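Quick notes on the structure that follows.
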Amino acid sequence: MKPLNEQGWRAILFILVVCFFSLSGCGLFKSETEKLKQKITELSSENSKLRKELSTMKTENANIQTQLAQLNKQISDLQAETQTLRKDFDAFVAQLKGVKKKKSPSP
């Protein structure tokens, strides 16, 4: 067997370097894949939390809308009652003025 020349050593060194980088590269890809899986898991759990919070907020919003409708009805009823009382008051004031005019002596 004859000893390897410089070109042979370069070829062997090149093959070793390629093997080293390919093996370490696979490890890097695996760790990167694991990191991405962990990120996906974290994002999924955060997404679930946000969905629950959104659902809660939608329920609260529906309740607030119901309360708002009830308050608007109460306001409308109070405005109608106020108008009725105002008319009654104005009629009472007019009646009092009529009574005063009748009681006052004529010259």
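Quick notes on this one:
- Residue in segment 41-53 that is of a type in the set (A, V, I, L, M) and modelled with pLDDT of 95 or more present: yes
- Residue in segment 67-81 that is under 16 Å from the mean Cα position of the chain (by Cα) and assigned to a helix (DSSP H, G or I) present: no
The values are calculated or read from the model by the stated rules, or taken from the named source; none is laboratory data. Computed from a predicted structure; not experimentally measured.
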